[in-house]
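Engineer: Sharing a structure here in C-alpha cells format.
The values are calculated or read from the model by the stated rules, or taken from the named source; none is laboratory data. Remember, predicted model here, so these are calculated numbers, not experimental data. Don't worry about glycine lacking a Cβ; one is built from the backbone with ideal geometry, like all the others, and counts go over all protein chains shown. Heavy atoms of the whole protein, side chains included, go into the accessibility calculation; ligands, DNA and RNA do not. Shrake-Rupley method; radii C 1.70, N 1.55, O 1.52, S 1.80 Å.
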Amino acid sequence: MNNLNQNRRGFIKKSALATFSLLIGSKIVHGDNIPIGYLPAWFEGNNPIPEGKHPELIIHSDRPWNLETPIHLLDDNITPEDKLFVRNNGKLPEKIDIKNWTLNIKGESVLRPKTYTLEELKRRFKSHQYQIVLECAGNGRSNFNPSAQGIPWGKGAVGCPKWTGIKLRDVLRDTGIKNDAVYIGYEGKDIHLSGNMKQRPISRGVPIHKALEDQTLLAWQMNGRDIPNLHGYPLRLVVGGWSASVSGKWLSDILVRNIVHDGSKMKPPSYSMPCETIAPGEKVPVEKMCIIEDLPVKSIITYPKTGGILTKSRNLEIRGHAWTGTGTIKKVELSVDYGIHWKECELIPESNKYSWAHWKTELHFNSNGYYEVWVRATDTFGNVQPMFCPSWNPRGYYNNACHKIAIKVEKNE
Amino acid sequence: MSDLTPNEREIISRFSKLMKKMNIVIILFIIVSIWIIAGGFDLFVKNDEKLKPTTEKENNTDSNIIDEETGLIIDTNVELVKVNCTSCHSASLIIYTSVDSTQWHDIIKWMQKTQGLWDLGSNEKPIIEYLSKNYGISHSQNQPDEFINTWYEID
C-alpha cells in the first residue's frame, strides 16, 4: 500500500512540476529529487489503532476491527492487553449497562433455565484463574498457495493472557442439563455490521464434553483487570485448544442444545475444512466440509526478531512459545540447516492445560553467513509440525507449518 | 507619458490595470504550484500508511491507481463496488481477498443469504468482473514468514 500511495503522490507532483515548468519556461532542476510521500510534520499523528493497543499491530481491517501482533511482540510469557490480537465479526456493543448485565442459560436441553446477574455469578461460584491460549483458526492462512479466502493472518493471531472467572461446568450443574444435550452455543451483544439488531454477527459453540472441561471459563478479567472492550467486556467464554471463535465475547446467553449448534458462522463453510483432503485450489461442496475442532500443534520464535545480524559473537540466545489443542507440549527443536539436523531446546511446561509452554536455547554458528532458524514442536499426542504448509483448504485453516526467522552472522575475527 | 493623448493614457491605464490583475493570477498560480510540489496537496490525503497488506498480489502492481477514499484499485465499475460493498464493512475485506470469480460469486450469495446484503440486480455481473479482475486468485512464490524491512544488529 505504501508504494501505491507514493506513486499516486508522485503522479500528482509530476503534473504540478510540468505546469510550473511550462509557466516559467524552463525545466525544474532536481525536480525528480523532491521526496515522494513527503507529509508536513504537523499533518502526521492520525493514529488509527484503537486505544490501548500497541502501535505496531498490523491492521487487516478497521470495519470490523482485525489486528495482528508481529511475532517478536509476543515475547512476554503472559500476553499483555496491548499486544493481544483482535478478531471481530461485528461492531462493539454500544452501551454496556454493567449493573443490569445478565447471563441467560436457556435452550431445549437445559433442565432449569435461569438468568444470572454478574454479581450473582461472582458471588455464588468459585472463581479460578487459568492462562489460556486464544488463537484464530485462520492463523497462518497467508502462506497457503493458491491464496485462501479470509483474513490473511501471518502467524501472529495468537496470544496467551491470564483469565479469571468461573467454570461453565459449575453453572451448568446449577441449572442442570438434560440427557439429550449434545452442544452449547453462545450469543453476545456485539452488533451486526449491517446494523440489523435481530442478527448476531457470530454465535458458535462446542460439544458438551468441551463445555464441561476444567478450563472452560466464563471470564470477567484478563490479566487481573476487567476484560477490555475489544476483547469481550464484561463477560466472555474462554475455551482452550479450539478456535477463538468459540470463545464468545460480550456474552449474554448460553444455549444448551440437543443438536449441533446452528448459530451464525457455525455451519460450513464457516470454520470448516474439507472432510477429506483435497488438492490445492480444488473446489469442494459445502456438504463435504466438516467443522474444525482441536487446533494443531504450533510454535513461534519470539526472540530475536527476524532480520538480526550477529557481529560480536557467533552465539545466539533464542526463545519462544509452543502450544497445542491436543494434550501438552512434549518437545521443541530448532534447525539451522533446513531440517536436516534438529537441536532440542530447554522446555518450561505450560502453567496449566491449554496454556502455552516456553522454550529457549543458545545456538552456536560455526561460520559467518546467512541462516534460517526453524522451530518445530511435538505434543504428547505425537503430533509434529510440518516444515511446509500442509493440506490446502479453501478457507486456509490449520496451517501449522514451522515458523522460521532469518539471521546473519558477520563476526570479524 | 506627457505627450500621450487622453485616449492613449486611458488605454495604457486600462492595460496596466489588466497587467496587474494578470500578475496577481500568475503569482497565485506559481504559489499554488509550489505548494503542490512541496506536498501541500497531501493535506487532503488520508494518512492511511498504517494499513499494510500481508500478502503480495500479482495483479496489484505499482502501475495501478488507487482510490484515496477506500484503497480500492481504480478500474471500470469501482464506483459500483464502493457504493454496494463498503456500507457495512471497510474495503479492506475486499483488498485482502484473492479468489476467483466463482468464489466471489459464492461470497456474494453467502452475504445475501446470511448477512443482509441486498439483491445487486444488473450490477452483480460488473461487480464480480471488477472483483475477479483486480482481486483475483494469487499464486505466491515461496515467501518468508515475515518480510525483512531492515537488517539490524542483535549484539
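Engineer: Within the group A:Glu362, A:Glu372, which residue is part of a strand (DSSP E or B), over 17 Å from A:Asp75 (Cα atoms), at pLDDT 95 or above and within 14 Å of chain B (Cβ to nearest Cβ)?
Structural biologist: On inspection, the qualifying residue turns out to be A:Glu372.
Engineer: What number of residues in the range B:91-126 are under 18 Å from A:Pro146 (Cα atoms), open to solvent by 40 Å² or more (accessible area, probe 1.4 Å) and in a loop (DSSP other than H, G, I, E, B)?
Structural biologist: Number satisfying all stated conditions: 1.
Engineer: As an exercise: evaluate A:Asn258 against (1) more than 14 Å from every other protein chain (Cβ to nearest Cβ); (2) in contact with a Gly (Cβ under 7 Å, 6 or more places away or on another chain) and give the number of the one condition it does not meet.
Structural biologist: Among (1) more than 14 Å from every other protein chain (Cβ to nearest Cβ); (2) in contact with a Gly (Cβ under 7 Å, 6 or more places away or on another chain), A:Asn258 violates only (2).
Engineer: Using the structure shown, decide if A:Thr69 is surrounded by 18 or more Cβ atoms within 10 Å (Cβ to Cβ), away from chain B (no Cβ under 12 Å) and of a type outside the set (A, V, I, L, M, F, W, C).
Structural biologist: no
Listed here are the residues, each with its yes/no results for (1) open to solvent by 40 Å² or more (accessible area, probe 1.4 Å); (2) more than 24 Å from B:Ala91 (Cβ to Cβ); (3) among the hydroxyl-bearing types (Ser, Thr, Tyr); (4) part of a loop (DSSP other than H, G, I, E, B).
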residue	(1), (2), (3), (4)
A:Arg112	yes, yes, no, yes
A:Thr115	yes, yes, yes, no
A:Glu120	no, yes, no, no
A:Arg123	yes, yes, no, no
A:Asn145	yes, yes, no, yes
A:Gly154	no, no, no, yes
A:Gly165	no, yes, no, no
A:Val171	no, yes, no, no
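Engineer: Hey, another quick one. May I ask you to verify whether A:Val260 is of a type in the set (A, V, I, L, M) and over 21 Å from the mean Cα position of the chain (by Cα)?
Structural biologist: Yes: the conditions hold for A:Val260.
Engineer: When you scan the range A:284-295, do you find a residue that is in contact (Cβ under 8 Å) with a residue 24 or more places away in the chain and within 12 Å of chain B (Cβ to nearest Cβ), even just one?
Structural biologist: Scanning the range A:284-295 turns up at least one residue that is in contact (Cβ under 8 Å) with a residue 24 or more places away in the chain and within 12 Å of chain B (Cβ to nearest Cβ).
Engineer: Only one of these is closer than 17 Å to B:Tyr96 by Cβ, at pLDDT below 75 and within 11 Å of chain A (Cβ to nearest Cβ): B:Leu51, B:Leu43. Name it.
Structural biologist: Only one candidate qualifies: B:Leu51.
Engineer: Please list, ordered by residue number, the strands (runs of 3 or more DSSP E) wholly in the range A:258-358 having 3 or more residues that are more than 27 Å from A:Ser245 (Cβ to Cβ) and open to solvent by 30 Å² or more (accessible area, probe 1.4 Å).
Structural biologist: Per the criteria, A:315-323, A:346-348.
Engineer: Working carefully through the options A:Asn88, A:Asn104, A:Asn77, find the one that is open to solvent by less than 50 Å² (accessible area, probe 1.4 Å), polar (S, T, N, Q) and under 21 Å from A:Leu295 (Cα atoms).
Structural biologist: After applying the criteria, what remains is A:Asn88.
Engineer: Kindly indicate which of A:Gln221, A:Gln199 is modelled with pLDDT under 95 and of a type in the set (S, T, N, Q).
Structural biologist: Answer to the selection: A:Gln199.
Engineer: Next up: Is one or more of the residues making up the range A:234-241 more than 29 Å from A:Ala322 (Cβ to Cβ) and either among the aliphatic types (A, V, I, L, M) or in a loop (DSSP other than H, G, I, E, B) (or both)?
Structural biologist: yes
Engineer: Additional query: Which ones in the range B:77-90 are crowded, with 20+ Cβ neighbours inside 10 Å and among the small types (Gly, Ala, Ser)?
Structural biologist: Within the range B:77-90, B:Ser90 is the sole residue that qualifies.
Okay, residues lined up against (1) open to solvent by less than 10 Å² (accessible area, probe 1.4 Å); (2) within 20 Å of the chain's Cα centre (by Cα):
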| site | (1), (2) |
| --- | --- |
| A:Tyr183 | no, no |
| A:Glu187 | no, no |
| A:Lys198 | no, no |
| A:Ile202 | no, yes |
| A:Asp214 | no, no |
| A:Ala219 | yes, yes |
| A:Ile227 | yes, yes |
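Engineer: Right, next: Please find, among A:Lys99, A:Lys95, the residue that is farther than 12 Å from A:Pro228 by Cα, open to solvent by 40 Å² or more (accessible area, probe 1.4 Å) and in a loop (DSSP other than H, G, I, E, B).
Structural biologist: Of A:Lys99, A:Lys95, the one residue that is farther than 12 Å from A:Pro228 by Cα, open to solvent by 40 Å² or more (accessible area, probe 1.4 Å) and in a loop (DSSP other than H, G, I, E, B) is A:Lys95.
Engineer: Out of A:Lys167, A:Lys162, which single residue is without any contact (Cβ under 8 Å) to a residue 60 or more places away in the chain and within 25 Å of A:Ser243 (Cβ to Cβ)?
Structural biologist: A:Lys167
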